[in-house]
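The values are calculated or read from the model by the stated rules, or taken from the named source; none is laboratory data. Computed from a predicted model, the values in this text were never measured in an experiment. For neighbour counting, all protein chains shown are included, and Cβ atoms are generated from backbone atoms with ideal geometry for every residue, glycine included.
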Amino acid sequence: MVRKTSAIASATLALALMAGVTGATAQDASKTEPKTFTIGAHMPLTGSLARSGQAFNEGMQVAVKLCNAAAPKYQVKIDLIDDESTPAKAVSAVEKLASDGSVAIIGGYGSNIIGPASDASDKLGKVYITAGAVSDELTKRGLKTFFRINNNAGYQRGIATLIGDLKPEKVSIIASTKEAPALLAEGLEKDLAAKGIKVTVHKFDPAITDFKPIINKIKLQDKPDIIMMSAYENDYVGIIRAAKVLKPNVKLLVGTWSLATPKMYTEFPDLMNNVVGTSFLPFPVEVKSAEGKTFADTYKQMYNKDIEYLSTLSFVETMVLCDALFRAADNGTLEKGGLADEMRKTDRDSLLGRIQFDATGDNPNFSLSMGQHRNGKIILVSPKSAANGEIVYPGVPW
Amino acid sequence: MTVTSATSVSAAIRRSGGRGMALGAGLVVLALLPLAAGASPYLLGLLISALILSGLALSWALLGNLGGMVSFGHAAFFGVGSYASALLAAKLGVPVLLAIPLGGVIATLSSLAMLPALRLSGPYFALAILAYAQIFRILATELDWLTGGAAGLQRYPGLPTLFGINLADRAGSYVLVLACVALFALVYVVLRKSHIGTALRAISDSEDATRVVGVNATLLKSWMLFLSAFIAGVFGALNAHIIGFLEPDYAFSGIWSVMPIIAAVFGGYRSVLGPIFGAVVIYLFDQVIAKSLIPVGHQILLGILLAVMVLLAPNGLSGLVARIFSKTAEKHHAGA
């Protein structure tokens, strides 16, 4: 009986010791091993917007690499799903990412996608950040978990500042009827009219590829000083090509996103010279901040190319999210919905300027510079505080 | 027909009706399984999308099967239904559950404009309705005072709570969409078995011959167009209130014209259940299986599946299942 009791006691002691050892080992491990957080992301990786989704992904991956290098206590990984630019699939992606344990979601491209996806994210209590949707409606919904770093007002401000400084008499705006370009054109029409400039807007269906009838009308009827293009890459090419054929007597062609990029000059060198578009940085890239330099170097190392417009946007949004995530984790509020509060406390410099979020989750400081294509280089020409060269005006590609 | 044969026919109908009821009840139970098993919002979300597509495929197949018309423009009815319902709920304060069938009614009214095209047949009708869908997309973009233009609509009411069931959450939406699919499938079954269904099938075989025996083919085809437009409009409205966002490019997207055709052909558009199951199978295969195997570019697997299906079973999934069952029954009889 004694032998049996002592055997049980020995076994219990051994188990207790083992448990103690295991516990101690686990404790040691938790002291040394960083805690890993998963950030979910949905992007268009197939279809007509695949290039944009890919560029967004590249910026995110660089940001994650830098965040992980800077924070020994924490590690972040990205769980990326192709939303196929379809609202229902974007919503499903958000639900899947949330059920797989993502602590926050980085949104895709287009207000039609971001709207329903961020709604779903809000219902699941997950912070949602985007750099791919500029619709004003998104921030009017009163969602507590929605944040974005760029908006229509910022693009509008950048372009209106440039055109206002040039003091033209007349401006013709050629605008796609797609949501973001249509909103921008509407805002610019009001802004420029308020500056005493006569503005004519020509809307076009995104399906059209021949812009000669519009350019002809502008040439013969409007006779503007500046043609402003509120559109996308393929449209710019069609518009400038038509203008090069018909040669309207204008002094400048101005566009918006994805125009003042090295890629556009590489692919269409005969169309781009002197054309102006929104930009963050000149080309060759000259980054002044330490974070920007690290981003540019790491991006070059990972993808063997210079940083571009959309990757810069996604880099900034991911860095902002990581910062807030680590702060919430440090405070122990992550599990209690503290991430949204930390996002609201954001106040940092970035490649886009100062990032803060107002009560609606929008970044009120967002504003862009304007860059001009000049023989393969992009010179920042507006606003004066960011310019690294003088604008060529009049200056057209032909 | 003798009294004996008439009795045996009616008994056969009763038997087949009983079998149909049992099959229908079994399918509804099967469809409710995800709820009983506590499926995640993600899975329910996928099923909701698949069922929306099912409803649209059913509406397309009804027009093709009973009306003898191949439509490449169901996006028009889907889009009109979605905009109508969202606008009625947002601007006039119509309760959402009333706005949804009203969306279907307005889609039906919009299909009146298609009546002249009923004189056309085959590819000519298909092209006319394709153009029709484009006209509505452009109208939705241009009438920005009403539709919000290219920016679309974002702030309109979602699905409400009814008898304590929150229809806006995934489980509630799933039950609502499932009920709508079941209801319209039942309407389709009843219609097919009626004299009208017989006349319509005769029209699709030979319209001229049917006219000779006094059937008003144009009127019956018009009714099928209206019913098809109504169903498509209702599912468009449901989708709009579930997704919570509308813009012309999405509401009138070509996907709503092409996907129901693919789903109906895959499932077997000659049957009632074919389009429904076709939509569920292809959507879930694409989003769950293919996407997990090839996260980017998974559509290639769906393409291969469709090609294999068309080659091996031209009558679709329902035809394949029927063939397997009849072979099994033959073996069983031979064994007996």
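From the list A:63, A:55, A:70, which one is surrounded by fewer than 17 Cβ atoms within 10 Å (Cβ to Cβ), more than 13 Å from every other protein chain (Cβ to nearest Cβ) and aliphatic (A, V, I, L, M)?
Details: A:63 fails: surrounded by fewer than 17 Cβ atoms within 10 Å (Cβ to Cβ); A:55 fails: surrounded by fewer than 17 Cβ atoms within 10 Å (Cβ to Cβ).
None of the other options fit; the residue is A:70.
Quick one: is residue A:209 at pLDDT below 95 and not aliphatic (A, V, I, L, M)?
Numbers: at pLDDT below 95: yes; not aliphatic (A, V, I, L, M): yes.
In short, yes.
Which residues, counting only those in the stretch B:138-156, are part of a helix (DSSP H, G or I), crowded, with 24+ Cβ neighbours inside 10 Å and at pLDDT 85 or above?
The answer is B:140, B:141.
Are any residues in the stretch B:85-129 outside any helix (DSSP H, G or I) and in contact with a helix residue (DSSP H, G or I) (Cβ under 7 Å, 6 or more places away or on another chain), and if so, which ones? Even if it seems obvious, please write down each step before you answer.
Just the residues of the stretch B:85-129 that are outside any helix (DSSP H, G or I), to begin with: B:92-95, B:120-121.
B:94, B:120, listed by residue number.
Kindly list the number of the only condition in (1) more than 14 Å from chain B (Cβ to nearest Cβ); (2) closer than 18 Å to residue A:187 by Cα that fails for residue A:133.
The one condition residue A:133 does not meet is (1).
I'd like the full set of residues that are of a type in the set (S, T, N, Q) and part of a loop (DSSP other than H, G, I, E, B), limited to the stretch A:130-157.
A:135, A:145, A:150, A:151
Collect the residues in the stretch B:280-305 that are more than 13 Å from every other protein chain (Cβ to nearest Cβ) and either touching a Cys at 6+ places or on another chain (Cβ under 7 Å) or crowded, with 16+ Cβ neighbours inside 10 Å (or both), keeping them in residue-number order.
Once the filter is applied, which keeps residues that are more than 13 Å from every other protein chain (Cβ to nearest Cβ) and either touching a Cys at 6+ places or on another chain (Cβ under 7 Å) or crowded, with 16+ Cβ neighbours inside 10 Å (or both), the stretch B:280-305 yields B:280, B:281, B:282, B:285, B:305.
Out of the residues in the stretch A:109-128 that are more than 8 Å from chain B (Cβ to nearest Cβ) and either closer than 18 Å to residue A:180 by Cα or of a type in the set (Asp, Glu) (or both), state the one that is farthest from the chain's Cα centre (by Cα).
Filtering the stretch A:109-128 for residues that are more than 8 Å from chain B (Cβ to nearest Cβ) and either closer than 18 Å to residue A:180 by Cα or of a type in the set (Asp, Glu) (or both), the one farthest from the chain's Cα centre (by Cα) comes out as A:122.
Name the one entry in A:310, A:259 that is within 30 Å of residue B:254 (Cα to Cα) and either more than 28 Å from the chain's Cα centre (by Cα) or not in a helix (DSSP H, G or I) (or both). Quick ask: steps written out before the conclusion?
On the way: A:310 fails: either more than 28 Å from the chain's Cα centre (by Cα) or not in a helix (DSSP H, G or I) (or both).
Answer to the selection: A:259.
Considering each of A:302, A:343 in turn, give the residue that is surrounded by fewer than 14 Cβ atoms within 10 Å (Cβ to Cβ), in a helix (DSSP H, G or I) and hydrophobic (A, V, I, L, M, F, W, C).
So the residue among A:302, A:343 that is surrounded by fewer than 14 Cβ atoms within 10 Å (Cβ to Cβ), in a helix (DSSP H, G or I) and hydrophobic (A, V, I, L, M, F, W, C) is A:302.
Looking only at the stretch A:168-214, how many residues end up being within 14 Å of chain B (Cβ to nearest Cβ) and either part of a loop (DSSP other than H, G, I, E, B) or surrounded by fewer than 13 Cβ atoms within 10 Å (Cβ to Cβ) (or both)?
The total comes to 6.
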